[in-house]
Every structure is written in structure tokens, then in C-alpha cells.
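The values are calculated or read from the model by the stated rules, or taken from the named source; none is laboratory data. Quick caveat: nothing in here was measured; it's all calculated off a predicted structure. Positions of Cβ are backbone-derived with ideal geometry, glycine not excepted, and every protein chain shown enters the neighbour counts.
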Amino acid sequence: MIGLDLSRSRDARSISFFELAEAAYHEAVSRGSEESRRYIGIAGRTIRLTFAGDALERLIAPAFAHIECDAVEFPDLTLRWWDDATTGVSTPEPPGAQPRTGLDFVDEAVRIAWDPARGSLSLYDPSRQLGLLRFPDSDSATFWEQAAPAHRLLHWWAAGLGIQLVHAAAVGSPDGGVMLVGRGGSGKSTTALACLGSSLGYLADDYCMISLDSAPRVHSLYSTGKADLTSLRMLPSLNDAFASAPERIDGKRVLFCAWHFQASLLHSCPLRAIVVPRLGAAEPALARIPAAHALRMVAPSTMMQLPGDRAATLARLAALVKSVPCYELALSTDPYAAVPLLALLSRGEIV
Amino acid sequence: MPFRINTPDVSHELVDGEVIVVHSATGAYYSLSSSAAVIWGWLDRGMPLEDMANKIAELNGEPRESCLAVLRGFSTELEAEGLITPLTSVPDGHAVLAGNDGAGLIPFEPPRFEKYSDMEELLLVDPIHEVSSHGWPEKPAALN
């Protein structure tokens with residue numbers, strides 16, 4: 001019998017739980033749910049995505065459509081997705097955990113994130129570069145899971161490589177780009193979406209990766225963009241594209257940009273500047289701000305959403321804000337009016 | 001009296017003379033500048049408040065006891081925020097106070113911090129509970 005031995009160490013118990021979940025994935029495949037494989041490239045690494053059955057694949061894969069790449073024999077990370085209802089397996093859940101709002105996070109030899117309300121389970125074994133993502137049914141893959149799949153797992157993996165997942169939007173060109181940082185509602189997503197179809201490429205509206213090797217580079221993760229009703233009224237050029245996008249109960253929609261703006265999507269570029277949007281100006285304007293100000297805008301919102309490696313996350317973000325100039329961007333009610341300023345920053349023509 | 005920073009819940013970084021402190025458990029974050037940034041660095045190195053008071057008095061010609069009173073008030077505020085915890089003894093290997101040229105301390109302004117609470121709402125809506133795997137389930141019958 002393969003059960004959890006509660007007399008074992010904490011690490012051994014979490015490893016055992018991981019093995020049980022992994023066994024459930026393989027059982028799903030052995031029961032006839034065809035395994036589909038896709039490969040994506042992020043920051044020079046290749047990640048293999050495998051899906052037991054196609055129910056989740058249809059929901060998850062579009063977010064990564066712009067960074068799909070050729071198969072490799074030895075990927076840098078493998079992420080396995082499945083849901084119990086479609087595949088007919090019964091993946092173990094932690095019934096000892098309380099049925100409460102939020103996320104239970106286990107930070108042991110393997111990392112486990114358990115969402116009791118949605119029944120979603122994410123597990124990562126850094127020793128095998130293997131991640132597991134299980135949902136009770138495909139309906140449980142929520143709006144957020146479709147917009148930013150596996151973002152915690154990707155954070156745990158990237159942190160081991162010194163790469164940082166950041167709560168930020170990003171736009172630019174192959175020669176250079178800018179990152180827009182700030183809490184939800186600060187205008188970063190709407191401003192980034194306003195760049196779709198402009199001279200600027202689109203990398204992210206909410207989460208991107210930053211590598212800091214010799215010079216900072218920003219990397220796209222998701223081809224998605226989110227907008228609520230207020231943002232949609234400010235972005236008339238996107239209304240047709242958003243009209244068919246999945247909608248949340250509060251009216252927020254997620255756009256799969258690869259379906260509508262493939263030519264606008266940019267995989268990666270050197271980072272030229274960090275921009276903190278501020279709403280409420282008559283005309284868009286830029287002003288230099290101290291690096292510490294930018295750190296206050298980017299670090300807490302990144303750290304609160306991404307459990308694990310928080311001290312290292314803050315250290316990497318501190319190094320990041322010191323490596324490029326930081327600006328406040330005063331935004332008017334017309335998000336398109338800010339695009340020329342972002343283009344100048346991306347080209348390094350404002351310092 | 002020395003203190004320790006309440007890691008791992010509390011993370012901190014110094015950027016251009018300003019210390020940014022993030023309390024992951026409460027969602028609050030803080031900015032410490034000038035004398036507060038210097039004193040935070042000393043707290044992180046396990047310096048007793050009494051040694052700090054000696055140094056500040058030496059640099060500024062202020063009465064040592066008044067410096068110590070200010071430091072005690074500041075440490076009490078930081079402790080109330082859950083950022084530091086008093087230690088019963090000076091930690092081994094702590095650095096001496098030599099090397100500070102007085103930057104941020106001359107003239108001596110009472111240390112203060114700015115607190116930002118806008119992220120606390122996010123944690124209330126979508127909290128993260130750090131737990132251990134202790135007590136997690138036996139394998140369900142379907143997988144036996």
C-alpha cells in the first residue's frame with residue numbers, strides 16, 4: 001500500500017503526497033486519457049506541458065500559444081495538468097486542511113499549494129524540475145487560471161535559476177522595453193493593452209519574467225490581457241477582440257492576444273526602464289522617481305501573490321530597480337496617449 | 001537590548017539609503033529613511049540599543065539617555081508592528097559599530113517609518129496560509 005506515513009519527517013510526508021498526486025496523473029493517462037504534449041520557451045529554457053485529456057488543454061494552452069516551440073528530449077521543466085472529473089481518477093486532497101478562503105502553502109522538500117475553495121492543487125519538486133497541477137474538474141480552472149496558468153509554479157521554478165516572476169505589465173520592441181508596475185487598478189494592464197496594434201510589442205499585462213544575468217531582460221509568459229468594463233470603454237480598438245473573450249461574473253474579460261494580435265506579441269527584450277503608472281492626469285507625463293519608490297510599487301504586490309523565496313524575491317527586485325531608470329507615468333483618461341512616451345522610453349530616448 | 005528581524009515573514013532591502021521592509025504575513029510594508037535606515041541596519045546586526053545610544057551620543061553630542069529613550073520608543077513601535085523581536089543576549093559574531101561615518105545620524109533626527117497598508121486588503125480577500133504537511137491524508141482507497 002502506498003499511503004502517507006505520518007511518522008515520517010515533514011519532508012518525507014510532502015514528498016509522499018507528491019508521489020500520490022503524480023500517481024494519479026499517470027493513472028489518468030493509463031485509463032485512456034490521451035496525453036498531449038506541448039513545449040514552450042521562456043528565458044532561453046524549454047518547458048514541457050503535458051495534459052491528461054484535452055479538457056484542460058483547451059483552457060490552458062491558449063495563454064502560452066505565442067511561446068510554443070519545438071519539442072526537446074530533456075526539457076528544463078515539465079508541468080503536468082489533469083482534472084479528476086474528465087479523467088476519472090480520484091487524486092488525494094488534504095482533508096486535514098481547513099475549508100477556508102485562500103491558499104494553503106507547504107514549503108518543504110516539495111512545494112504544495114492547495115486552494116480549498118476551488119479544490120485546485122499545485123505541486124513542485126525542484127529536484128526533478130517537475131510540477132503537477134490538478135483540478136477537480138475543468139470548470140475549476142478559473143478565469144485567473146486561464147489568464148495566468150501555473151504562475152506560482154513558474155515562480156518556484158524560475159527562482160531556482162535566479163529569474164524572477166514579477167507582477168508587472170511589459171511592452172517594447174526587440175531593442176528595448178519597459179515594465180509597468182503597480183497594484184491592481186493602477187492602470188498598468190490598460191496601458192499595456194493600448195499598445196496592441198501600435199509600434200510597440202506586447203509582452204504582458206500582469207505577470208512577466210525578469211532575468212538579471214548581465215543586463216536585465218524581460219520575458220513574456222502569457223499572451224493574455226484582462227480588462228474590466230471601465231477599461232474596455234477606454235480601449236475601443238480592442239472591443240471586437242474582447243467581445244468573444246471569456247467573461248467573469250463581474251464583467252472582467254480575458255483576451256487571448258495570440259488569436260487577434262499575433263504580430264504584436266514580443267517574447268523577450270532588454271529592459272530599459274521601470275514605469276509606475278498614476279491615474280488622474282490631464283495629459284500623460286513622465287517624471288523620474290527614486291529606485292526605492294519603484295521597489296515599493298513592485299515588491300509587495302509581487303511577494304504577496306507568490307509564496308516562497310520571498311527574501312530572495314525582494315533582493316532580486318531591489319537589484320532590478322537599481323539596474324534601470326525608474327519613472328512615474330501620469331496617465332490621462334486616454335490610454336493611447338501614453339503609448340508615444342512608452343515608445344521613447346523603450347528606445348532609450350528618454351533617460 | 002538587542003533584537004532580531006522577524007524573518008522569514010519579514011524581508012528587507014536597502015535601496016539608495018531607504019530600507020524597504022515587507023511583512024508577508026500582514027501584508028503591510030514600510031519605508032525607513034535617514035536615521036531609521038541606519039538604526040534598522042544596526043538592529044539587523046544584533047546591536048544592543050545601549051551601544052547604538054553611545055554611538056549617536058558620540059556623533060551628535062546629545063545626552064546618551066535621551067538617545068536611548070528615542071531608540072526604545074522606536075524599537076517598541078517596530079516590535080508592535082511585528083517586525084522585530086527582543087533577544088535575551090547579544091548574538092555571537094555581531095559586528096561592532098565602527099565604520100559608520102554618521103551619514104543619516106548628523107544631525108540626529110528621531111527615527112520614523114512610513115507604513116503602507118494597501119496590500120492588506122489583498123491578503124484579507126485571498127490569504128496565504130503557511131502550513132506543514134503534518135496530518136495530511138492517507139491515500140484514498142481509489143489509489144490503493
- [ ] Identify the single condition in (1) surrounded by 14 or more Cβ atoms within 10 Å (Cβ to Cβ); (2) at pLDDT below 80; (3) closer than 25 Å to B:Thr7 by Cα; (4) more than 10 Å from every other protein chain (Cβ to nearest Cβ) that B:Pro91 does not satisfy, given that it satisfies every other one.
- [x] (1)
TODO: Among the residues of segment A:205-251, write down those that are among the polar types (S, T, N, Q) and either under 22 Å from A:Lys322 (Cα atoms) or surrounded by fewer than 20 Cβ atoms within 10 Å (Cβ to Cβ) (or both).
DONE: A:Ser211, A:Ser214, A:Ser220, A:Thr230, A:Ser237, A:Asn239, A:Ser244
- [ ] Kindly establish whether A:Ser346 is over 30 Å from A:Tyr124 (Cα atoms), out of contact with any strand residue (DSSP E or B) (no Cβ under 7 Å at 6 or more places or on another chain) and not aromatic (Phe, Trp, Tyr).
- [x] no
Task: Residue tally, condition more than 14 Å from chain B (Cβ to nearest Cβ) and either touching a strand residue (DSSP E or B) at 6+ places or on another chain (Cβ under 6 Å) or without any contact (Cβ under 8 Å) to a residue 60 or more places away in the chain (or both), over segment A:295-337 - done: 7
Task: Tally of residues being in contact with a helix residue (DSSP H, G or I) (Cβ under 9 Å, 6 or more places away or on another chain) and under 22 Å from B:Glu130 (Cα atoms) across segment A:301-326 - done: 13
TODO: Inspect segment B:98-112 for any residue being at pLDDT below 80, at the interface with chain A (Cβ under 7 Å from one of its Cβ atoms), assigned to a loop (DSSP other than H, G, I, E, B) and out of contact with any helix residue (DSSP H, G or I) (no Cβ under 7 Å at 6 or more places or on another chain) and give the result as yes or no.
DONE: no
Task: Hits in segment A:11-65 - residues which are among the polar types (S, T, N, Q) and either touching a Leu at 6+ places or on another chain (Cβ under 6 Å) or within 14 Å of another protein chain (Cβ to nearest Cβ) (or both) - done: A:Ser14, A:Ser16, A:Ser30
TODO: Of all residues in segment A:252-288, count the ones that are crowded, with 20+ Cβ neighbours inside 10 Å and closer than 30 Å to B:Ser11 by Cβ.
DONE: 9
Task: Selection count, segment A:50-93, where residues are in a helix (DSSP H, G or I) and under 16 Å from the mean Cα position of the chain (by Cα) - done: 9
Task: Complete set of residues in segment A:160-195 that are over 15 Å from the mean Cα position of the chain (by Cα), among the aliphatic types (A, V, I, L, M) and closer than 20 Å to A:Ala291 by Cβ - done: A:Val178
Task: Subset of segment A:178-213 [of a type in the set (Lys, Arg) and away from chain B (no Cβ under 14 Å)] - done: A:Lys188
TODO: Would you mind finding the one in A:Ala43, A:Ala63, A:Ala71, A:Ala52 that is in contact (Cβ under 8 Å) with a residue 12 or more places away in the chain and over 30 Å from A:Ser214 (Cα atoms)?
DONE: A:Ala52
Open item on the list: Looking at segment A:132-149, can you tell me whether even one residue there is among the basic types (Lys, Arg) and over 20 Å from the mean Cα position of the chain (by Cα)?
Closed with: no
Open item on the list: What pairs come out if I take residues in segment B:102-127 that are of a type in the set (S, T, N, Q) and pair them with residues that are surrounded by 14 or more Cβ atoms within 10 Å (Cβ to Cβ) whose C-beta lies under 6 Å away, six or more apart or interchain?
Closed with: B:Ser117/B:Ala28
- [ ] Please go through segment B:22-34 and pick out each residue that is in contact with a helix residue (DSSP H, G or I) (Cβ under 8 Å, 6 or more places away or on another chain), more than 9 Å from every other protein chain (Cβ to nearest Cβ) and not in a loop (DSSP other than H, G, I, E, B).
- [x] B:Leu32
Open item on the list: Can you say whether A:Ala23 is under 15 Å from A:Ala150 (Cα atoms) and modelled with pLDDT of 95 or more, as far as the supplied structure shows?
Closed with: no
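Results for (1) farther than 17 Å from A:Cys269 by Cα; (2) in a helix (DSSP H, G or I); (3) touching a strand residue (DSSP E or B) at 6+ places or on another chain (Cβ under 9 Å), shown as yes or no for each residue.
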residue: A:Val178; (1), (2), (3): no, no, yes
residue: A:Arg183; (1), (2), (3): yes, no, yes
residue: A:Ser189; (1), (2), (3): yes, yes, yes
residue: A:Ser198; (1), (2), (3): no, no, yes
residue: A:Ala215; (1), (2), (3): no, no, yes
residue: A:Val218; (1), (2), (3): no, no, yes
residue: A:Gly225; (1), (2), (3): yes, no, yes
residue: A:Thr230; (1), (2), (3): yes, yes, no
residue: A:Arg233; (1), (2), (3): yes, yes, no
TODO: For segment A:304-324, enumerate the residues that are within 17 Å of A:Met179 (Cα to Cα) and surrounded by fewer than 19 Cβ atoms within 10 Å (Cβ to Cβ).
DONE: A:Ala319, A:Lys322, A:Ser323
Open item on the list: Looking at segment A:294-341 only, could you name the residues that are farther than 24 Å from B:Gly17 by Cα, over 22 Å from the mean Cα position of the chain (by Cα) and in a helix (DSSP H, G or I)?
Closed with: A:Pro335, A:Tyr336, A:Ala337, A:Ala338, A:Val339, A:Pro340, A:Leu341
Open item on the list: Take the conditions buried (at least 23 other Cβ atoms within 10 Å of the Cβ) and either more than 15 Å from A:Gly182 (Cα to Cα) or touching a His at 6+ places or on another chain (Cβ under 8 Å) (or both) and apply them to A:Val298. Does it pass?
Closed with: yes
Task: Hits in segment A:167-204 (condition: of a type in the set (Val, Ile, Thr) and in contact with a Cys (Cβ under 6 Å, 6 or more places away or on another chain)) - done: A:Val171
